[in-house]
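The values are calculated or read from the model by the stated rules, or taken from the named source; none is laboratory data. From a predicted model like this one, the values you see are computed outputs, not experimental measurements. We place every Cβ from the backbone using ideal geometry, glycine too, and count neighbours over all the protein chains shown.
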Amino acid sequence: MKNTLMALSCFLFAIIVGSTSAVAAQPLTMQINGSAVTVPPGTHVTEGQVMLPIRWAAEQLGAYSIQWDPEARDIVIKTNEDLYQITKLDYYALALEHLPAGLGEVADRVGKVSLPQSSDRDRKLVLVLDSWQEKYERRLEIRMIVINEKQPYPRDSVLYSFENYKGHLYVPMDWLVYLFGANVHYNQATNQLSIQVPDLKEVEQHLAVIENALMPATPQEAMQLWGRGEQIRNGALQYAVLSPELRQQAAKRVHEAGWTTGYSSPWVGSMTVKEAKKLSDTAVEYTVTFPEETSVPPHTTATEKFVVRKLTMDGKEGWFITEMLQSSGYGLL
């Protein structure tokens, strides 16, 4: 009887170990936009990140030119992807996820909007691997620049955690999210990497729905959304309440500095309306103040003054900021 139990235990143990080994030995598979693709040589998994050859990955995401400058240690990637619109959508989605209910009807309208999925918002991106930090006391750096020459909106960052394999540069998969706006997911159980390339038509559709929901129905909504955008340093939320003329001015600033506004410190505190002067039935001049907050008080006070007017945009009436009479420097204008 003991021998039988011993044999049965050994049999079950062999099955368990064998099953585990079979799962662990599953080859890495990859999908792009739902279709299986051949995994490029040298691709491997480190610390839950799939290490991908950057040239191959960039080409899959629409790049037509990848140039390496060994002296400047720059990688310049040229793409036809509309990085401006893709990033704006992501900033809108970030703002809408944290829009306070106190904004009233606009918050209710936004609450009915279906936001696009993004791995950037679902989890913290891993751009620097722990093993890289432990291995190098002084970080080796490569600057990666992604540009669209037809509509300049550079995405650039200092790149860490890269590997050189047979003369090819491999980077953690999360850099595809950070630089290209791709949706990337790695299933450790099945050893499968899924990459979803941004679809510009879907991006434009989402933008139209969001901007329609954000269109201020009252001058107060325009003023509140502008202030909220400054508080969370979100240029897209500020852009939504600007007139067409001011949007053109803001776009120039965005192309140079991106959608993040203000400073990490000091930051914008709660706004107070000092004066709401009615200029006409379709125009209101606001003077607002807010504390310039830091970790240590006392805080200084900043002032803004702007005009909000009733305009027709895309066939719908709404209230938009048409003049910035006094800027605090914390916004797009």
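Of the residues Q188, Q220, Q205, Q192, only one is among the polar types (S, T, N, Q) and assigned by TED's automatic domain parsing to the domain that holds G235; which?
Working: Q188 fails: assigned by TED's automatic domain parsing to the domain that holds G235; Q205 fails: assigned by TED's automatic domain parsing to the domain that holds G235; Q192 fails: assigned by TED's automatic domain parsing to the domain that holds G235.
The unique qualifying residue is Q220.
Within the range 264-277, is there a residue that is assigned to a loop (DSSP other than H, G, I, E, B), closer than 17 Å to Q224 by Cβ and out of contact with any Pro (no Cβ under 6 Å at 6 or more places or on another chain)? Yes, the range 264-277 contains a residue that is assigned to a loop (DSSP other than H, G, I, E, B), closer than 17 Å to Q224 by Cβ and out of contact with any Pro (no Cβ under 6 Å at 6 or more places or on another chain). Would the range 181-201 turn up any residue that is under 27 Å from T312 (Cβ atoms) and crowded, with 16+ Cβ neighbours inside 10 Å? For the range 181-201, residues under 27 Å from T312 (Cβ atoms) and crowded, with 16+ Cβ neighbours inside 10 Å: absent.
Which residues, taken from the range 206-245, are charged (D, E, K, R) and part of a helix (DSSP H, G or I)?
To start, the set of residues in the range 206-245 that are charged (D, E, K, R) comprises 211, 221, 228, 230, 233, 245.
Result: E211, E221, R228, E230, E245.
For beta carbons closer than 9 Å, sequence separation of 6+ or different chains, a first residue in the range 144-166 that is under 18 Å from E71 (Cβ atoms) and a second that is in a loop (DSSP other than H, G, I, E, B), the qualifying pairs are I145/P154; V158/R139; V158/E141; L159/L127; L159/E141; F162/L140.
Count of the range 290-324 residues, restricted to those that are among the hydroxyl-bearing types (S, T, Y) and either within 20 Å of P244 (Cβ to Cβ) or surrounded by 17 or more Cβ atoms within 10 Å (Cβ to Cβ) (or both), is 2.
From G258, G235, which residue is within 25 Å of L99 (Cβ to Cβ) and crowded, with 19+ Cβ neighbours inside 10 Å? Don't jump to the end; show me each part of the working.
Values: G258 fails: crowded, with 19+ Cβ neighbours inside 10 Å.
It is G235.
Among the conditions (1) of a type outside the set (V, I, T); (2) under 17 Å from the mean Cα position of the chain (by Cα); (3) farther than 9 Å from L332 by Cα, G235 misses just one, which is (3). Within the range 262-299, being among the hydroxyl-bearing types (S, T, Y) and modelled with pLDDT of 95 or more holds for T272, S280, T282, Y286, T287, T289.
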